[in-house]
Every structure is written in C-alpha cells, then in structure tokens.
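Visitor: Mind looking over this structure? Questions follow.
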Amino acid sequence: CVDYAEVAMNKVFVTRQIPDIGLELLASKCQLDVWPGELPPSRAELIEHIQPADGLLCLLSDRIDEEILQYAPSLKVISNYAVGFDNIDVAAATRRGIPVGNTPGVLTHATADFAFALLMAAARRVPEADRSVRAGQWKTWGPKTLLGADLYQATLGLIGFGRIGQAVAQRARGFDMRVLIYDPSINPSDLPTGIQPVALDVLLS
C-alpha cells in the first residue's frame, strides 16, 4: 500500500517531455522537475537535476551509470521510458538498493506496424511516387508508371522470431504471405502453422 501523502513530498526528475497523461499522473503524486529541452540534458545538467531527486524517469538516451548515481544520494527508484535498460547500470543501482523499472513490450505492435508500413512503401514505391508528384512530374496514369510489386502471396523473410518478428508475421497473414524465419533459439515444433524455419543462407537467397 502506497502512502500518497508521503509520496507527494518526493521529487522526481523527468529527463524529457513525455506525453501529458504520464506527466499529469506523476504531478498528482510528486513534485516534478521536467527537462524542457528537445535534446536530452547534458551529463552536467543531469547531475545537477538528479542530486535532490527521490525518483528518476529517464529515457534510453540518458546514461545512468555509477558516477551519476554517486551524485544522487536521495534516489529511491529509476524508471526507464524504454523497452530495454542498456543505458542504466543496473548492478550499480542494485548495490544502492534502487529498483529499476522499464516498459517491456509496449512498442511491439508499433514497431511491427512501422516494419510493415516500410515493406508496403518499398514494394509500392510510395516515397518515389510522392517525390514525383511533389516535383510536378506526374501527368497521368500509365500502365508502367511507378509499377510496384505485390506483397500479396509474396515471401517474407524474418531474421529473429521474438515478439516483434511474431507481430510482423501476424500482419503478413492478412496478405497471405509465405513466411520464412531464421532463429536458432526457436524450437520448430513451437512455431505457429504456416511459419517455416530455414537456414540463414536459404532465407537470404
């Protein structure tokens, strides 16, 4: 159970302007110090702002290492606004009794959407067509003008079949694509129907 009366006295440094819903939630419970710049704070600025902080909400662009933690004697918790935590020295934080949180999985579908958007844009030559129209080059439809390739029933090769790879494969099903994967860590018997494991050289060919 959290004593919000006590938490409300805590100071939290947020290293970037995150979406309002997150800042509003924090502001209702804590005293916020939010970095106003578009670029991340410099190391010196990070040290200055973290010194009085009880909590830190940082981004993957902020390196939170042993030296930084030495300047944060009051720090009780670190939250990383990222899927991973490579930017944080977790061992150093653990030695100081500071728990570290991250946000695993939150970008799986967004990343898969972008991957599929890029596949479609490349196959259908969308960026090239956009440049052509903006340059005033397009006159009328032609049977060979900016002719692209079908994604429907095409072959898709995925290197790695983790969360994002699986989400991309789900999207490929709607296009009736043949999906090949290379992932030595996956047991073929665990794969969904329609996913074919192959050697890397076969996938690339």
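Visitor: Would you say Thr103 is within 12 Å of the chain's Cα centre (by Cα), closer than 30 Å to Ala172 by Cα and part of a loop (DSSP other than H, G, I, E, B)?
Guide: Criteria met by Thr103.
Visitor: What is the one condition in (1) within 30 Å of Leu59 (Cβ to Cβ); (2) among the polar types (S, T, N, Q); (3) modelled with pLDDT under 95 that Asn187 does not satisfy?
Guide: (1)
Visitor: Something else now. Within the stretch 18-31, can you find the residues that are closer than 21 Å to Gln51 by Cβ, assigned to a loop (DSSP other than H, G, I, E, B) and open to solvent by 70 Å² or more (accessible area, probe 1.4 Å)?
Guide: If the condition is that a residue be closer than 21 Å to Gln51 by Cβ, assigned to a loop (DSSP other than H, G, I, E, B) and open to solvent by 70 Å² or more (accessible area, probe 1.4 Å), then no residue fits.
Visitor: Next up: Any idea which residue in the stretch 32-61 is most open to solvent (accessible area, probe 1.4 Å), counting only those that are out of contact with any Gly (no Cβ under 9 Å at 6 or more places or on another chain) and acidic (Asp, Glu)?
Guide: Filtering first and then ranking leaves Glu38.
Visitor: Confirm whether Asp65 is surrounded by fewer than 18 Cβ atoms within 10 Å (Cβ to Cβ), over 30 Å from Leu146 (Cβ atoms) and touching a Lys or Arg at 6+ places or on another chain (Cβ under 8 Å).
Guide: no
Visitor: Being touching a residue at least 24 places away in the same chain (Cβ under 8 Å), more than 18 Å from Gln196 (Cβ to Cβ), assigned to a loop (DSSP other than H, G, I, E, B) and open to solvent by less than 90 Å² (accessible area, probe 1.4 Å) is the filter here; which residues of the stretch 117-170 pass it?
Guide: If the condition is that a residue be touching a residue at least 24 places away in the same chain (Cβ under 8 Å), more than 18 Å from Gln196 (Cβ to Cβ), assigned to a loop (DSSP other than H, G, I, E, B) and open to solvent by less than 90 Å² (accessible area, probe 1.4 Å), then Gly148, Ala149 are the ones that fit.
Visitor: Out of the residues in the stretch 68-93 that are modelled with pLDDT of 95 or more, over 14 Å from His49 (Cβ atoms) and of a type in the set (Val, Ile, Thr), state the one that is surrounded by the most Cβ atoms within 10 Å (Cβ to Cβ).
Guide: Looking at the filtered set, the residue picked out is Ile88.
The values are calculated or read from the model by the stated rules, or taken from the named source; none is laboratory data. This one's a predicted model, so the numbers in the text were calculated from it and none came from an experiment. Every residue, glycine as well, gets a Cβ built from its backbone with ideal geometry; the counts of neighbours run over all protein chains shown. Heavy atoms of the whole protein, side chains included, go into the accessibility calculation; ligands, DNA and RNA do not. Shrake-Rupley method; radii C 1.70, N 1.55, O 1.52, S 1.80 Å.
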